[in-house]
Every structure is written in structure tokens, then in C-alpha cells.
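The values are calculated or read from the model by the stated rules, or taken from the named source; none is laboratory data. None of these values were measured; they are calculated from a predicted model. With ideal geometry, Cβ positions are generated from the backbone for all residues, glycine too; neighbour counts draw on all protein chains shown. Surface areas here come from the heavy atoms of the whole protein model, side chains and all, with no ligands, DNA or RNA. Shrake-Rupley method; radii C 1.70, N 1.55, O 1.52, S 1.80 Å.
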Amino acid sequence: MKSLLLPLLLATTTAGHAQLATQATPVEKIKIAKGFQAELLYSVPKEQEGSWVSMTQDDQGRMICSDQYGALYRITPGAKAADTKVEKLSIDFGHCQGLLFHAGALYGVVNDDAYQGRGLYRCKDTNGDDQFDAVELLRAFPGKAGEHGPHGVVATPDGKSLYVMCGNQTPEPSCETSRVPRHWGEDQLFPMLIGRGFMRDVLAPGGWLAKTDLDGKKWELINTGTRNTYDIAINRHGDIFGFDADMEWDTGMPWYRPTRVCFMQSGGEFGWRTCSKKWPARWEDSLPAVVDIGPGSPTGVAFGYGAKFPSKYQDALYICEWSYGKMYAVHLAPNGAGYTGAAEEFMSASPLPLTDIEVSKKDGAMYVSVGGRKVQSGLYRVTFVGKADTVFDAPNKHPRESGMTGELKGITLRENLEKPGKTADDVWSFLSSPDRHLRFAARIALEHQPVASWKDKALSETNPRAALTALMALARSSGGDKTLLKPILDSLGKIDFKALKGLDRVTLIRDYMLAFTRLGEPDAETKAELIAKINPLFPTNDTGLNRDLAEVLVFLGDAGIVAKAAPLVNDSPTQEEQIDYARILRFAKTGWTKELRVDYFRWFLRAANYKGGASFDLFIGEIKKDALGTMSEEEKLAIKDVLDAKPEAKAPSFTTKPMNFVKAWTVADLEKSLGVGLEGNRNFQNGRNMFGAATCFACHRFQNEGGAIGPDLTSVAGKYSPRDLLEHIIEPSKEISDQYGSTVFTKKDGSMVVGRIANMKENIMMVCTNMMDPNNFTNVDARDVVKTEESKVSMMPPGLLYMLKEDDILDLMAYLLSKGNPDDPMFVK
């Protein structure tokens, strides 16, 4: 489809027929990292050869690609495009979203009803004529055809096994063994909000990764809880990484999770649940992302090992994002038992529907396919042509053979915990580790042991962090044994909340949640005791923890939490936080005054102007409906005027305080205050509030809060000086990030559409023209477009600070530069 924007050219197939084919995106339209070049080797004639979605290389360095809805094609790259040969393979097989040539065979993962249906297949050349002639189904996968089905297949480092990645539309196929304890659950206190209801009936475990032998006979479940990870890649440590999908319909909601790179830890759980039930990253019964990317559609991934690239880029993880046409180089580093990472935009164009990556073992180049959903497909070659310290083949050694044992200590400890057969005594000391990945691995090992062998030790543990981890394991492993509820609650009650810090506080409250979801509601007397203990803890300076506290207290029937939390529906600085308090309080039956009810329901009039994904309005409507369901007719009559009021259409406002024009601020007006003005006298909460009042949260994520249409601002302190950051805010069009720039599409009639391509299907591009309204698309038929060019105007509107006073702006700057840390020296204690 991308190519539909562009001129026609002649494409020659091995059948010898010259055919008119629309060209894939020309390389002059592609932005690529400095020193690299892209070559368009082949534009796929769509009507004859389809749209390619997966790729592998055979033992002769030839690429094999699969049409999403058709056959397999083998490509022999030439020195230039004209020398590149493409042939359709004779075997009646294709429809693969995962391909792997390994051990002399071609493995394919079919994701629809073709052949014998969804599953892992193997093709062989039985007579040595260089054509596959035999195909067998190794394992059928349950479920129905769809884009969230079976995807990637990758060989293990020792070559003796395969990993297969499946999306959340594929039920786990009864693997013979599992590294994930088989007692997963939804683990939410309240019923879900449904929205448009996509996959509303799909329960845990969601998407999954499994391992099998080369004959597909025995299967082992490796991890669960992803949404729709399309592909995986394995680093030199042997650790697996995937690029998981967001749910674009959830945009603007507190449970929205952007596309993200995940370290696919053994036994891992990544917290996907359907509709509004997704787990936040702060809950320790799941694993966090290594890097959040933003909205998009993840496809193929690969490490740069073996590429004739500079060492930095050889070691990078390359991830493809289909919707916005971007490939990122993710630079990973060990961090204890896990990893940290930073994403660099490596290659992009609009459109550039990236589908897969292969680093050639033959020539050291990177091969990149584009296609999918019947859009124009093509094959590119990426090479390094700049100067570098080291370009050719870096030693492909395991890091432990290269003197990197220090930075791998945590990874080695985790790997040891992940080995089968560990006893409770073997892992117990790691339950109190400061490293989240070690605690997780130790808990998973514990949950595999008979509960009777460690239950008493968990209940009597005196180390607070070890107790939190052990009691989480006990609640999850309880098998619904309600006799454990009181002992678990008693043990949790012995832990001093005020002595805990950071994530440990969150985990204490999460443990209460798990005790209730797994073992049921406590009796009235216990509820009263818990309310008396937990209510005084609210609020804290941790916004996520506050919402967990409020949810537990509403679940327990605490009347007192309403007066504390209801004002936050209107006063919280972010749309997502306001919605979450509205969601939580919708089931609060006691503690309301008429005034609190009026303010609560007036908020829905404001929320009518908030923007989000396709389910946004439905989610808000469900919250209101549930809240009305807790009221008597008499209570409804008392606030009838508010309930009957109609919203006024206007720009969204995330604050109830009136905002008036102060000044058309310039950098020169404020830069004099950026030194002394940021030293020890700033207000953290006001800075956070201003981030909302200036509508920054509407588009930008910061510390796992806010929108995802614009760049994540969590790391700006390490990238920009205070003056540079101020300049980016006040003059957004002075320098526009390639990652978030927009495109001008000029049509045949002279009209123009400006925005970012967010989705595509065949000839239609869905263009987002307003960052503040991510679900409002303008459809552009690629056949009507005569010209595309970069916009010189940022999608970020100017003047966002004009309603703020100087102190407000300085508080906002301090909030950003502190990475959201209220203990930073910039803030008044």
C-alpha cells in the first residue's frame, strides 16, 4: 500500500514475465541512522505475489518470505536490485506469520484456516532438488483465525529446540510441562469494563511463549500474559526478548499500556488481561517492560549479531513497528538480573509497513521486508557505509567468555533460580532480594513446590520483603483454600507499612488484593479491622499506590474513603488518574454526601470532552451506569438536575481551576530563572498539576502515566539541559523529532491532509491529524495522493505555557527534570 503512493516500475520475476508493479516506498523517502544506507531490492507485484509478512534465510543465504494469505517466495539477493532473483516455491504451503529455516528444514507457523489450520508445520526437501516437497503439521493450535494468533518461531541457542510465540487469541495448547505455575487468574477486585468488547471472553493466561523439540512432540510453556507479541529474539546471554502490542482502543484510559519491549523471563507473567483488567507495571506478580515504545503495531524483531555494522549496532535489538513505519535499534544493558534499554529510531518512512528482519549470514547485511494486510510489499537491504571503529564480524562469544562476569552476576543468579528442582530452602533467601527479577524467579520456583512444604515458613517470615514475596506466592498457590485467608491477613497485618518504601508498599497492598481475589471476602469484623488499619494510609505521594489503596478500601466497604478519594476525580492532574478514581468509586455504596455525588457526576460532563481510543466513550458510559446502579431512586432524584445535564462541547480541561492567559512566554523571558530558580524551592505537587493543566499528560507519558501519542518524557533529564527542554516546550516546531513528525499528503484535487499514518489496509491510510484526539482518523486513499513530504510544523501545539505563571512553569520544569522524584533536592521538603 505504501507503494501505491509512488510511480510504477517494471518488476521481473523468475518466470521471465515483465509485469507492472507498484513500487515500494523509495529509499529517498526513508530516514535511516547516520552512516547506513537502504537499498530497495524488490517491489512485490501485489496481485501476483501478495504481501509478505515473515522471512527467514536458508543455508545458501537466500531469503524465504511468506505472503500473509498465499505462497512462499525465495529471494536470491543480487549486487543490485536488477540482479535480485525471486521465485515462487513449488510447495503448496504459505500463510505463515513465522518462518525459520533450521536443521535442513523449513518451519512455518500458519495463522489462519489454510491447509490443516493454525499450527506449527515443517517442510522438507526429500529428493535433493532444492525444492521443498513434503509438509507436515507438527502441532495444531486451538482457537480461531485472527491477527492475534500463532506468530514467530525461533531456534534455541543450542539448535536442539524451537521457541514458538503466540498471541492472546490462541489458547495455550495443553503443553506437557510448564515453567509457569498453572494457577493463573484474573486477580482484579471489581468487574471489568467492556468497551467495544474485543476478546472480552478471553481469560488468562493470554499470549504465551512455548518451547518444543525439532519434531514438535513435547511442549513446555515458558511464559504468559502478553497481548500479541509477533516475534522474539535471543541475545548472547540466552535471554529472550519480545515486542508486545498495545490495545489502541484503550488509549486515554488508565489501563492503557503502550507497545513495549519485554525481557521474556522464564516463568514470566506480563499482566495482559482483557478489556479494563490489564495489570499495571507496579504489581509484582507481573514483570515490567524493559522499554516502553508508544502506540503502534509490533512485528518482526532481531538482534544485529553478525551484521557488518559498528559494534553498538551489532549488539542492538531491532524491532519493527508496522503502523507508523518505524524500526528502532534498542540498546540493551544488563541491570541486575534483568535489563535496561534505550530505543533509537533507526529507519523510518511514512508509509513503511515493516514486517520482518534478517541479518544475512552470507554477506552481513540486514534484510527488511514490508507488507501485510494486502498493502504494497517490498524487500530492502540495509548496509553500513560510514566510518566506524569496528565494522566486520565481532566475536560471537558468550559474554562469560569475554570477561563480562561482573555485570552478569545477577543474570547468573537468576538463571540458577530458574533451573528445575529447586526447593524452598534453595530459593528462600532470594525472596528478599532488592532485585525484582530475582524475587520473581525465586517466587516462581517456590510456587512450583508443594504448598504444605513452605506454607508455615511463609506465614512466620519476619523479614518484611521476604514475607511480602512469600505471602504473594501463598495466596496465588492456595488453590482457593479459604482457611488460609485469615492466616495470610494476620501475617500481612504484622508488616509495618510506614517502614516500607517504594514498591514494597505497593506489594503489601497488592498482597491484600490477591488474598481477596483468590480466597474471598473477609467477614465483617475482619473488614472493620482492615479498614481501621488501611484507611489512615491514604493518601501517599505515590499516585499508583493511592489508587490501589482506594480500591481495597472500597472493596472492604469503607465509607471514609469516599470523602478522601472523591475530590480526586476532579482534582487529579491527568485524565487517566481521574478516570481511575471514577472507576474505583463507582461501586462505593456508603460515605457519599449530596455534594460529593454532585461533584462526582458533574465530572462526567467534563469527561465527555476527553479523548481516547475507540472504546473510550463506552468505558466512561459504563462507569456512570455502574455508579448509578449503587444509588436509590431517592438519591437520584436529589441530584436530578446534574444527572439530566448535557455536556457542552469544548476543548478538554484537566483542571477545575480557571486558567487565564498570563503571557506569551519566550525562552528569553524564563532562562534567567533556570539556575537559582530551580534550586531547592520548587513544589513537586504543583509541578505535577501543571503537567496536567498544560495538557502535557494528554499526549506524553511520564513515569508510566499519561498518553502515548507524543514522546515519553521520563528520560528528558538525561537528554536535555533545562534551557534546551524549555526551548522544546515553547518552540515545538524548531526541532521536530523524526519519531513524532507528521507528513503532508497532497491529493489530486489539491487538498492536503497533515498527520501520521496510524493504520493501513489495502489502499486506505488512516491518518491521525490531531494528537489530542488519537481515535479521530482521516481516511486517505493512496491512489489519490500525488505528493508526500515532511511537515515543517510540529503536531505539538505552541502556547501550552501561556496560561501558567512563572512559578508554575519552574515547578513544571523541576518535575520533569527530577524524573518525578519528590525527594529531589529541587523541591521544598
Of the numbered conditions (1) open to solvent by 20 Å² or more (accessible area, probe 1.4 Å); (2) touching a Cys at 6+ places or on another chain (Cβ under 8 Å); (3) within 30 Å of residue 557 (Cα to Cα), residue 191 fails exactly one; give the number of that condition. (2)
If you go through segment 764-777, how many residues are farther than 27 Å from residue 609 by Cβ and modelled with pLDDT under 80? 0
If you scan segment 485-532, which residues turn out to be of a type in the set (Val, Ile, Thr) and closer than 15 Å to residue 432 by Cβ? 495, 507
Got a number for residues in segment 409-422 being more than 30 Å from the chain's Cα centre (by Cα) and open to solvent by 60 Å² or more (accessible area, probe 1.4 Å)? 1
Residues (assigned to a strand (DSSP E or B), open to solvent by 10 Å² or more (accessible area, probe 1.4 Å) and touching an Asp or Glu at 6+ places or on another chain (Cβ under 9 Å)) located in segment 357-381: 381
Top-ranked residue in segment 271-295 [being small (Gly, Ala, Ser) and open to solvent by less than 10 Å² (accessible area, probe 1.4 Å); ranked as nearest to the chain's Cα centre (by Cα)]: 294
When residue 430 is run through (1) of a type outside the set (S, T, N, Q); (2) in contact (Cβ under 8 Å) with a residue 60 or more places away in the chain; (3) under 23 Å from residue 281 (Cβ atoms), the failure sits at (2)
Identity of the residue in segment 240-259, part of a loop (DSSP other than H, G, I, E, B) and out of contact with any helix residue (DSSP H, G or I) (no Cβ under 7 Å at 6 or more places or on another chain), that ends up surrounded by the most Cβ atoms within 10 Å (Cβ to Cβ): 245
From the list 343, 333, 349, 329, pick out the single residue that is closer than 25 Å to residue 790 by Cα and open to solvent by 30 Å² or more (accessible area, probe 1.4 Å). 343
Return the only residue of 78, 104, 152, 108 being surrounded by fewer than 19 Cβ atoms within 10 Å (Cβ to Cβ) and under 16 Å from residue 213 (Cα atoms). 104
Is it fair to say residue 134 is farther than 25 Å from residue 301 by Cβ and in contact with a Ser or Thr (Cβ under 6 Å, 6 or more places away or on another chain)? yes
If residue 613 satisfies every condition in (1) over 25 Å from residue 296 (Cβ atoms); (2) open to solvent by less than 50 Å² (accessible area, probe 1.4 Å) but one, which is the exception? (1)
Output yes when any residue across segment 196-204 is crowded, with 21+ Cβ neighbours inside 10 Å, in contact (Cβ under 8 Å) with a residue 24 or more places away in the chain and either touching a Phe, Trp or Tyr at 6+ places or on another chain (Cβ under 7 Å) or hydrophobic (A, V, I, L, M, F, W, C) (or both), and no when none is. no
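Condition check ((1) open to solvent by 60 Å² or more (accessible area, probe 1.4 Å); (2) closer than 22 Å to residue 547 by Cα; (3) outside any loop (DSSP other than H, G, I, E, B)) across all residues:
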site: 604; (1), (2), (3): no, yes, yes
site: 609; (1), (2), (3): no, no, no
site: 625; (1), (2), (3): yes, yes, yes
site: 643; (1), (2), (3): no, no, yes
site: 660; (1), (2), (3): yes, no, no
site: 670; (1), (2), (3): no, no, yes
site: 680; (1), (2), (3): no, no, no
Within segment 111-143, can you find the residues that are open to solvent by 40 Å² or more (accessible area, probe 1.4 Å) and either within 24 Å of the chain's Cα centre (by Cα) or closer than 22 Å to residue 355 by Cβ (or both)? 113, 115, 143
Based on this model, can you work out whether residue 47 counts as of a type in the set (D, E, K, R), more than 30 Å from the chain's Cα centre (by Cα) and at pLDDT 95 or above? no
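Would you confirm whether any residue within segment 820-828 is over 30 Å from residue 24 (Cα atoms), of a type outside the set (D, E, K, R) and without any contact (Cβ under 8 Å) to a residue 60 or more places away in the chain?
Yes, segment 820-828 has at least one match.
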With the condition kept exactly as written, say whether any residue in segment 260-270 is open to solvent by 10 Å² or more (accessible area, probe 1.4 Å), closer than 27 Å to residue 372 by Cβ, of a type in the set (Phe, Trp, Tyr) and part of a loop (DSSP other than H, G, I, E, B). no
Is there any pair linking a residue in segment 434-462 that is of a type in the set (S, T, N, Q) to one that is open to solvent by 30 Å² or more (accessible area, probe 1.4 Å), with Cβ under 7 Å and at least six apart or on different chains, and which? 449/423
Within segment 457-481, take every residue that is open to solvent by 60 Å² or more (accessible area, probe 1.4 Å) and within 16 Å of residue 518 (Cβ to Cβ) and give me the one that is farthest from the chain's Cα centre (by Cα). 481
Residue that is touching a strand residue (DSSP E or B) at 6+ places or on another chain (Cβ under 8 Å) and in contact (Cβ under 8 Å) with a residue 60 or more places away in the chain, where the choices are 118, 139: 139
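Taking the conditions exactly as written (more than 28 Å from the chain's Cα centre (by Cα), in contact (Cβ under 8 Å) with a residue 12 or more places away in the chain, farther than 22 Å from residue 111 by Cβ and surrounded by fewer than 20 Cβ atoms within 10 Å (Cβ to Cβ)), does residue 88 satisfy them or not?
Details: more than 28 Å from the chain's Cα centre (by Cα): yes; in contact (Cβ under 8 Å) with a residue 12 or more places away in the chain: yes; farther than 22 Å from residue 111 by Cβ: no; surrounded by fewer than 20 Cβ atoms within 10 Å (Cβ to Cβ): yes.
Taking the combined requirement at face value, the residue does not satisfy it.
May I ask you to say which residue of 753, 785, 780, 828 is more than 29 Å from the chain's Cα centre (by Cα), buried (at least 17 other Cβ atoms within 10 Å of the Cβ) and farther than 22 Å from residue 610 by Cα?
Details: 753 fails: more than 29 Å from the chain's Cα centre (by Cα); 780 fails: more than 29 Å from the chain's Cα centre (by Cα); 828 fails: buried (at least 17 other Cβ atoms within 10 Å of the Cβ).
Result of the check over 753, 785, 780, 828: 785.
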So which residues in segment 272-325 are touching a Gly at 6+ places or on another chain (Cβ under 9 Å) and at positive phi, if there are any at all? 275, 294, 306
Can you pull out the residues in segment 34-72 that are open to solvent by less than 10 Å² (accessible area, probe 1.4 Å), more than 14 Å from residue 380 (Cα to Cα) and aliphatic (A, V, I, L, M)? 72
Kindly indicate whether any position in segment 688-696 is under 9 Å from residue 574 (Cα atoms) and either in a loop (DSSP other than H, G, I, E, B) or aliphatic (A, V, I, L, M) (or both). yes
Take segment 700-731 and flag every residue that is under 16 Å from the mean Cα position of the chain (by Cα) and either under 16 Å from residue 678 (Cβ atoms) or not in a loop (DSSP other than H, G, I, E, B) (or both). 701, 702, 705, 706
